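The structure under discussion appears below in the form of structure tokens.
The values are calculated or read from the model by the stated rules, or taken from the named source; none is laboratory data. The shown structure was predicted, so the numbers you read here are calculated from the model rather than taken from an experiment. A quick note on method: Cβ atoms are made from the backbone with ideal geometry, for glycine too, and the neighbour counts reach across all protein chains shown. Please note that ligands, DNA and RNA were not included when accessible areas were found on the heavy atoms of the full protein model with its side chains. Shrake-Rupley method; radii C 1.70, N 1.55, O 1.52, S 1.80 Å.
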Amino acid sequence: MTAQITRRRALVGAAGLSAAPLFAPHIARAAAPLRIGLLLAKTGQIAGQTEYLANGSFLALEQRNNMVMGQPAELVWLDEPSPQGSTQNMQKLVQENGVCAVLGGSLSSNGLAEEAKAAELKIPFVCDNAAATEISGKNCNRYTFRLNTPVAVQCRMLAPYALGYGKRWYHITASYAFGQDILRTSRELLKAAGGTEVGVDEVPLNTPDYSSFILKIREAKPDVVVGGLSAGDLTTFLKQWFELGMKGKIPFVEIAIGDTDIWGVGAEAATGIFTKLWDNGNASNTPEEKAFAAAYLKKHGKPAADKAWMGWITARSLFESLDAAKSTDAGKIIEALEAWKAPAPGNATYSYRKFDHQMLLRNLAVAVKERITGQWDYFDVKAILPENPADLDKVFGSQEEIGCKMA
């Protein structure tokens, strides 16, 4: 997957607009449709994921014939160049483009900054990809809703698989919010299990060469490597892990894999056990999800990645909530999002928990297949977690446990 999206529609309107350059922030219209902001990175190591997040968001609108609240609607897509740049673009979306709500949040560092800005601007913000625990934890606010399962919850789901290999762990994580969150939580889980950390490396984003870190891991001889690298960085690491002959020598596990991350590794080099939110090949997917997957395949000529679904389900939740609210008033949109529900696999329900605005959903534990025969089919689903949907509230933690005190 290329690290830079070269061309992408910036706006999709009710009249079936023609393609516009990726970097065009706004195209004037004779009529003024209802505008919803989309704040996703257009370049950098996360761009492989955000292309699919955006595709899913746009498709959710197209499936409604570009209509929300009974009127024409469009998405206005601006970049997330950095936490500071992201907040500036959120302000631009609200104050210059006149959006009534914002979707986005591709990186945890950006998402944390964006949710604070959303509260300042009093604009509903539905965060689709950022997984930092604090977003729906101690940093929660009334205006922010979040899809991705928090790092701490995913780590607890994955820990039994890591411990199944042994209690001598080596951590290699990114030196920003997402990786730091994984490292902190994983260390706590390892300590509680009576295990030992035999090594740790915190690496910068966009690291091009992991060979020195891989050699250190080989010397340490851990039972398992617990990763905390994101998107393109994980792809680069796993490619070099294979090139240095480490595939099959030491197991690798990590939370929050994206399909695009593993597709970029290639069938020969791919390895590991991961958590993810959705899988295109899951036979338990709902009829609505199967219809989305079919529409995505028809439009793009390839299967919907998990990130496409994440963009689709968050956009769907917002569009349906706007319909229910029958208003662009922020308070009414928030109340509608708090009441929104949709069918989920296994007789479960997708919904945002009222006290922290975290979507409660079961995660998948997936393992890379021993033999990959399809271009896009890399994973076997090992488990759906938690096994019982009734345990979701407990697994995601109580209000006291997560520290959310919403004003």
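Key figures for this structure:
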read-out: Charge-dipole axis of the chain as Lys and Arg at +1 and Asp and Glu at -1 on Cβ define it, positive-most pick from 404, 237, 342; value: 342
read-out: Estimated dipole of the range 362-403 in Debye, rounded to 20 [Cβ of Lys and Arg +1, of Asp and Glu -1, Cα centre]; value: 260 debye
read-out: Debye log10 I(q)/I(0) for the range 260-407, one point scatterer per Cα, at q = 0.10, 0.20 Å⁻¹; value: -0.43, -1.30
read-out: Theoretical ellipticity at 222 nm over the chain - DSSP helices of four or more residues, -39500 (n - 2.57) apiece, nearest 500; value: -12000 deg cm²/dmol
read-out: For the range 35-111, projected area of the alpha-carbon convex hull averaged over all directions, nm²; value: 4.8 nm²
read-out: Packing-based ranking, highest mean first, of 303-314, 156-167 given that Cβ atoms within 10 Å are counted; value: 303-314, 156-167
read-out: Amide H contacts under 5 Å for residue 200, placed H, 5+ residues apart; value: 171
read-out: Per residue solvent-accessible surface (Å²) - the range 28-144, probe of 1.4 Å; value: 30 Å²
read-out: For the chain, cysteines whose Cβ has no other cysteine Cβ within reach (under 4.7 Å); value: 100, 127, 155
read-out: GNM top mover of 272, 70, 232 - the chain, alpha-carbon springs below 10 Å; value: 70
read-out: Alpha-carbon centroids, the range 249-286 and the range 79-150: separation in whole Å; value: 26 Å
read-out: Set of aspartates and glutamates near residue 298 by C-alpha distance (under 19 Å), chain-local residues within fewer than 8 positions excluded; value: 51, 62, 259, 279, 288, 289, 306, 377
read-out: Share of carbon and sulfur in the accessible heavy-atom surface of the range 271-407 [1.4 Å probe, %]; value: 48 percent
read-out: Convex hull projection area averaged over all views, the chain, Cα basis, nm²; value: 18.0 nm²
read-out: Highest to lowest packing among 282-288, 38-44, 359-365, scored as the average C-beta count within 10 Å; value: 38-44, 359-365, 282-288
read-out: Mean separation of Cα contacts under 8 Å, 6 or more apart, over the residue count of the chain: relative contact order %; value: 17 percent
read-out: Magnitude of the charge dipole, the chain, Cβ model with Lys/Arg +1 and Asp/Glu -1, debye to 20; value: 320 debye
read-out: Cα coordinate range in the range 217-269, projected on the principal axes (Å, largest first); value: 29, 21, 14
read-out: Rel. contact order, % - alpha carbon contacts under 8 angstrom, at least six apart, the range 31-186; value: 20 percent
read-out: Cβ-placed point charges (K, R +1; D, E -1), dipole of the range 330-407 about Cα centre in debye, nearest 20; value: 160 debye
read-out: Rounded Å value of the spacing that divides the Cα centres of the range 46-61 and the range 322-347; value: 21 Å
read-out: Most positive-pole-ward Cα, 177, 246, 196, against dipole of the range 139-290 from beta carbon charges; value: 196
read-out: Nearest-ten-degree value, helix 211-220 long axis tilted from longest Cα axis of the chain; value: 50 degrees
read-out: Computed over the range 313-397: relative contact order in percent, which uses C-alpha pairs under 8 Å that are six or more apart; value: 18 percent
read-out: Across 307/382; 290/341; 191/369, pairs whose alpha-carbon gap is larger than 25 Å; value: 191/369
read-out: Rg to Rh, two decimals, where the range 76-197 supplies the alpha carbon set and Rh follows Kirkwood; value: 1.09
read-out: Solvent-accessible surface ranking, highest first, for 171, 300 at 1.4 angstrom; value: 300, 171
read-out: Tail fraction, Cα-Cα pairs, the range 209-301, threshold 23 Å, whole percent; value: 34 percent
read-out: Listed peptides 388-399, 183-194 by packing density, highest first (mean Cβ within 10 Å); value: 183-194, 388-399
read-out: Those aspartates and glutamates that a straight Cα-Cα span of less than 17 Å connects to residue 249, excepting residues fewer than 8 apart in one chain; value: 219, 223, 268, 370
